[in-house]
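What follows is a set of notes on a single structure, which appears directly below.
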Amino acid sequence: MLFPTTTFATFFVVVLVASWLLMPRPRAWRLFIVCASFVFYADWDWKFVFLLAFSIAWNQAVGVAIHRSALALRRRAILALGLVGDLGVLGYFKYYNFFVSSGHNLFAAVGLGFPVGTRDIVLPVGISFFTFMAISYVVDIYRGTLEPVTLPKFAAYLSFFPHLVAGPIVRGSELLPQLESPRDPRRVDSSRAFYLIATGLFKKVVIANYLATHIVDGVFGAPVQHSSLETLVAVYAYSVQIYADFSGYTDMAIGLALLLGFRFPQNFDSPYTAISIQDFWRRWHMTLSRWLRDYLYIPLGGNRKGEARTYANLAATMLLGGLWHGAAWTFVVWGGMHGLALAVGRLRREHGLADETPTGWALRRRRFVTFHLVAFAWIFFRADSFGTAWDVIERLFTAWGQPSPLVGTGVVLAILAGIASQYLPARIPQMLMARFSELGVAFQVVVLAVALMVTHAMGPQGVAPFIYFRF
């Protein structure tokens, strides 16, 4: 069920009304929101509702068992069992065919046959997101920073439909306390919620979909048929597309949760204004960045075990982070490029070669270089194979002067709008939200209706699935 559709709008209106009617009765509310979330997930494929139910039951049992055990060795063994279960399910659905295909290619290179065959496996939408949330829950219980809650509360936390299929990755410590007591409708920040939903819809339906259909899909589908200018613009366009697509989704998710009375953590903070790759990861998919730091980089040793180990930990974290995004070696290379850039940045800082607070031209230069490093790495993220990636890179240099019909005014304006919007001072959206909140309810409805009509009129026919649904 896609957010920018009439089906979801109808679903959400029903859920919104019922949720607030049931809010004074917490048990009934939790049962209702779990059922509603399962209906939301079942709209994609009802069979995988059982997978979601298994994840809830498994991780709740593991969390409770860890909490009740007093022996450190036993607690560690239960945690290991829980992680094996979570990662085993994720590995089977997402990575089984990837590793088997890689094995076939490796054995074929030395003239041998691989004894295991691929299978017809459908990747459950959002499995990476709710698996990572489940892992954070059991690990936090093991660390003693979180206590297990009742099964209905955990089910509501893990299956809550605004974040279920594409994040943000909300930790138990961020959402579970909000489930302890009924939300107060008088404290709902509706102006911020409506602003996030409207801008999220515009980013997804107008900017992301427009760029995908007018240049990105065509160039990356057949790069050798396009000029260098079209290829360069397509790389810029994809950089904006993936930002508008994913941040648009999370803006809507945060806004929908707000209308239901719940607050999610921020997931994007103008990432294309970053002055380094480290700064980029403080701004891009922030909930994943923090998850990788707290549940992978730090457990590996972080920067506590010497310089060589620190760089190894950075590389391992980003390689696995790349693999998290997709079962293909192109994603591993993408993660490796970011890991290398993070390592170089750290080395420069340690030797006093990087100014942490640049100004003037130095600031602009750092932003320009960082953006282009990120955009270049996106080539491997978007390409469906290394062959396609190399074709795109080669085409950046070998076809200048050829006709470039795809580089139209609309494409250029969409790219500029996507990047320029990140340089808006924070006070501007805050001012718009404040002005919106001062309007009467009738005027708010009119403004929203006009915004939705404009978005619908400007967007292409139909709404493509969000990019991060497949991760």
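The values are calculated or read from the model by the stated rules, or taken from the named source; none is laboratory data. Fair warning: this is a prediction, and the values are worked out from it, not measured in the lab. When we count neighbours, we look across all protein chains shown, and the Cβ atoms used for this are built from the backbone with ideal geometry, even at glycine.
When the stretch 151-189 is filtered for residues that are surrounded by 14 or more Cβ atoms within 10 Å (Cβ to Cβ), more than 25 Å from V89 (Cβ to Cβ) and not aliphatic (A, V, I, L, M), the ones remaining, listed by number, are Q178, P182, R183, D189.
Could you say whether any residue in the stretch 316-323 is of a type in the set (V, I, T), over 27 Å from Y423 (Cβ atoms) and touching a Phe, Trp or Tyr at 6+ places or on another chain (Cβ under 9 Å)? Talk me through it step by step, then tell me what you get.
First, the residues of the stretch 316-323 that are of a type in the set (V, I, T): 317.
When the remaining residues are screened for being over 27 Å from Y423 (Cβ atoms), the result is 317.
Among the residues that remain, those that are also touching a Phe, Trp or Tyr at 6+ places or on another chain (Cβ under 9 Å) are: 317.
Checked the stretch 316-323: at least one residue is of a type in the set (V, I, T), over 27 Å from Y423 (Cβ atoms) and touching a Phe, Trp or Tyr at 6+ places or on another chain (Cβ under 9 Å).
A193 falls short on exactly one of the conditions (1) among the aliphatic types (A, V, I, L, M); (2) within 30 Å of L448 (Cα to Cα); (3) in contact with a Leu (Cβ under 7 Å, 6 or more places away or on another chain); (4) part of a loop (DSSP other than H, G, I, E, B), and that condition is (4).
Any residue at all in the stretch 238-245 that is within 22 Å of F40 (Cβ to Cβ) and either of a type outside the set (G, A, S) or at pLDDT below 95 (or both)?
Yes, the stretch 238-245 contains at least one residue that is within 22 Å of F40 (Cβ to Cβ) and either of a type outside the set (G, A, S) or at pLDDT below 95 (or both).
Cβ separations smaller than 7 Å between residues 6+ apart or across chains give the following pairs from the stretch 293-305 residues that are at pLDDT below 90 to residues that are part of a helix (DSSP H, G or I): G302/N313; N303/T310. Y295 meets each of the listed conditions (1) touching a Lys or Arg at 6+ places or on another chain (Cβ under 9 Å); (2) surrounded by fewer than 21 Cβ atoms within 10 Å (Cβ to Cβ) apart from (1).
For the stretch 350-368, give me each residue that is exposed (fewer than 13 other Cβ atoms within 10 Å of the Cβ) and either closer than 25 Å to H285 by Cβ or not aliphatic (A, V, I, L, M) (or both).
E350, H351, G352, E356, T357, T359, G360, W361, R364, R365, F368
Total residues in the stretch 315-349 satisfying the condition of being farther than 20 Å from Y468 by Cβ and crowded, with 21+ Cβ neighbours inside 10 Å: the figure is 2.
Summed over the stretch 5-43, the residues that are assigned to a helix (DSSP H, G or I), surrounded by fewer than 16 Cβ atoms within 10 Å (Cβ to Cβ) and among the basic types (K, R) give a count of 1. In the condition set (1) at pLDDT below 95; (2) farther than 30 Å from Y249 by Cα, H67 is compliant with all but (1).
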